[in-house]
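Read the structure below first, then the notes.
The values are calculated or read from the model by the stated rules, or taken from the named source; none is laboratory data. On a predicted model such as this, the values are computed, not experimentally measured, just so you know. With ideal geometry, Cβ positions are generated from the backbone for all residues, glycine too; neighbour counts draw on all protein chains shown. Just so you know, the surface numbers come from the protein's heavy atoms only, side chains and all, with ligands and any DNA or RNA stripped out. Shrake-Rupley method; radii C 1.70, N 1.55, O 1.52, S 1.80 Å.
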Amino acid sequence: MNVEYTGRHYEVTPANRKEVEAGLTKIRKILHDKFDTKVVLAIEKHRYKAEITISCCVGPLVGLAQATRMSAAIGEALEHLEKQAVKNKTRIISKKRRNHDKWDGEAFTEPTKSVAAAAAGPAPVSMVAHKFPATVQSQEVHVVKVEDAVALRAMTLEEAIKEAHFRDRDVFVFRDQKGKLMILHRTRDGKMELIETP
């Protein structure tokens, strides 16, 4: 385990090194991997800062902490790293447990079938055909009068699009500069469609 220490306006003490390395051994047990570590200990305006960065197979893990004492900042940074390590380990384990086999289009055959039944071929399957009614019953139409979906003055297409977004309308009716009636319609995927009336 390679650990690189950097002190910014702070002298790294052997007690600090011992505390960091004790925390890193716990993280190493979680990750089951060798990794390189960079530790930056600093003092800024009476605040002690600890930044510990681990470069391992799951990617860089970074623990940042501030406290009134350096040992408290180191402890918090190591806690953050430990949480990240556990999270990454569970994510990797759950990925490995998923079944990545793709279905090849063939049905699953049960091993309990006899050889004679398998040689006879597939059993006939009864099918039911549904008949749909010739006329479709329509539901009662609910009419709501909305005045803010209609523009009162002539607009360009760009102005109408901005106005429809501003008013948060899926349908917006306006007249262009020539007086032609136009309808803007927002589709389900969020795109705007322009409908020109004859």
For a label point 7 Å along the Cα-to-beta-carbon line of Thr68, residues of the stretch 34-48 with backbone N under 14 Å: 46-48
List His9, His32, His165, ordered by accessible area with a 1.4 Å probe, largest first: His9, His32, His165
Once you put a point 7 Å from the Cα of Asp170 and another 7 Å from the Cα of Asp189, both along the Cβ direction, what distance in nm separates them? 1.7
Counting other Cβ atoms within 10 Å, which trypsin sites (Lys or Arg not before Pro) in the stretch 1-69 have at most 12 and lie in a DSSP loop? Lys34, Lys45, Arg69
What nm distance separates the two modelled labels at Ala22 and Lys87, each placed 7 Å from Cα along Cα→Cβ? 2.6
Take the Cβ-Cβ distance between Ile43 and Asn2 as r, set R0 to 35 Å, and report the resulting FRET efficiency rounded to the nearest 0.05. 0.90
Rounded Å value of the spacing that divides the Cα centres of the stretch 163-183 and the stretch 1-60: 60
